[in-house]
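What follows is one structure encoded as C-alpha cells, with my remarks underneath.
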Amino acid sequence: MRIALQVAYIGTDYHGFQFHPDLRTIEGELFRALAELNIINNPHEANYIAAGITDKGVHALGQVIAFDTNNPDAVIPRAINTKLPPTIWVWSRAHVPSDFNPHSNALSREYRYIMCGKYSIPLLRNASRLLKGVHDFSNFATLEKEKSSICRIEKIEMRVEREFTVMDIRADRFIWHMVRKIATAMKMTGCGARDLSWLEQMLDPAEFTEGLEPAPAYGLIFKNIEYENIIWDEDAYAKKAIKQSLDEQFRWHGVMAEILRELKESMIV
C-alpha cells in the first residue's frame with residue numbers, strides 16, 4: 001500500500017531536509033522513525049519520494065512524503081511523532097495511488113517569507129503585480145543544470161503584521177533559492193533602494209543579469225502543496241499535541257525576544 005504523510009518541522013537545528021549520512025537532517029530523522037516502527041526499512045525499496053527539499057534552517061508546515069509499506073496499520077501520525085525529535089511532526093496521512101509522486105504530481109506550491117521590519121505596502125504591491133504570471137526567473141534563483149527557469153507565479157501577497165512584513169507566494173513550481181531571492185528583491189523595492197523599472201529588467205534575463213543574495217533561511221516556511229484528488233486524514237490528537245508543544249516554544253521565544261530587546265537597548269551609545 002502507498003501512503004503519503006504531511007510533515008511539519010522547525011528547520012533551525014538541521015542541515016536541511018535531504019538525507020545525508022554524516023549530518024542531522026529532517027529526512028534522516030524520518031527514516032529512523034519509520035524504520036523503528038517497521039513501516040519502511042529501505043527508502044529505495046519502498047519507493048520513497050519527497051515533494052521537495054528545503055535548505056538548512058528553512059521550516060515547513062506542509063512538506064509531503066510518500067512510500068510503499070506492508071505495514072499500513074502502523075502509519076499513525078501520533079505514533080510516528082513519539083519516535084521523532086520535538087521539532088519534527090507528522091500530522092496527516094492519505095492513501096494514495098501506487099504511482100503517486102509527491103514531487104511531480106504537485107499542482108502548486110506555496111511558501112511564506114517573514115521579513116523583519118515594515119516596508120512600503122504600496123511599493124510592494126506594485127512590485128508583486130509585475131512578478132505575477134509566467135516569467136523567466138533566472139535572476140531570482142540559483143540555477144541548476146537542465147532545470148527550466150520558467151515558472152508561473154499564481155499569487156503573491158504582501159502585508160505588514162506588527163513589526164514584520166509577510167510575503168505569501170504560490171506558483172506551479174519553484175527553483176532553488178527563488179523565494180528567498182524574490183524576498184530580497186521585495187525588500188530592496190519596498191524600502192525604495194530599487195524601483196519598478198529595475199524589477200522589470202530583472203524579469204528579462206536575456207538582456208539584463210544581476211546576482212541577488214538569498215534572504216536568510218530562517219524567515220522561510222514551506223506552507224502547502226496542492227494535489228488533485230488526495231483526501232487527507234488529519235490526526236486530531238497529533239495536531240493538539242503539536243499545538244501544545246508550539247505554545248510552549250512560543251512563550252519561551254517571546255520572553256527571549258524581550259530579553260534580547262532589553263540587552264540591545266542597554267547597549268545604545
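The values are calculated or read from the model by the stated rules, or taken from the named source; none is laboratory data. Keep in mind that this is a model prediction, so the values were computed, not measured. Glycine also receives a Cβ, built like all others from the backbone with ideal geometry; neighbour counts cover every protein chain displayed. When the accessible area is computed, the model is the full protein with side chains, heavy atoms only, and any ligands, DNA or RNA have been set aside. Shrake-Rupley method; radii C 1.70, N 1.55, O 1.52, S 1.80 Å.
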Revision key, fill the gap. Length-normalised contact order of the stretch 156-220, Cα under 8 Å, at least 6 apart, in percent, tallies to 29 percent
Review point. Based on the mean of other beta carbon atoms within 10 Å per residue, what is the order of 76-82, 149-155, 177-183, 231-237, most packed first?
Key: 177-183, 76-82, 149-155, 231-237
Review point. Ignoring ligands, DNA and RNA, what percent of the 1.4 Å accessible area of the chain is carbon and sulfur?
Key: 53 percent
Point to revise | Relative contact order (percent, whole number), the chain, Cα cutoff 8 Å, 6+ residue spacing | key: 22 percent
Review point. Given a 1.4 Å probe, how much area per residue of the stretch 170-269 is accessible, in Å²?
Key: 65 Å²
Exercise for review: For the pairs K56/K118; K56/K83; K132/K264; K56/K132; K56/K155, note any where the Cα-Cα span goes beyond 31 Å.
Suggested key: K132/K264
Practice item. Take the alpha carbon atoms of the stretch 166-204, find their center, do the same for the stretch 114-150, and report the distance between the two centers in whole angstrom. Key: 3 Å
Exercise for review: Any chance you could tell me what percent of the C-alpha pair distances in the stretch 156-269 go past 22 Å?
Suggested key: 58 percent
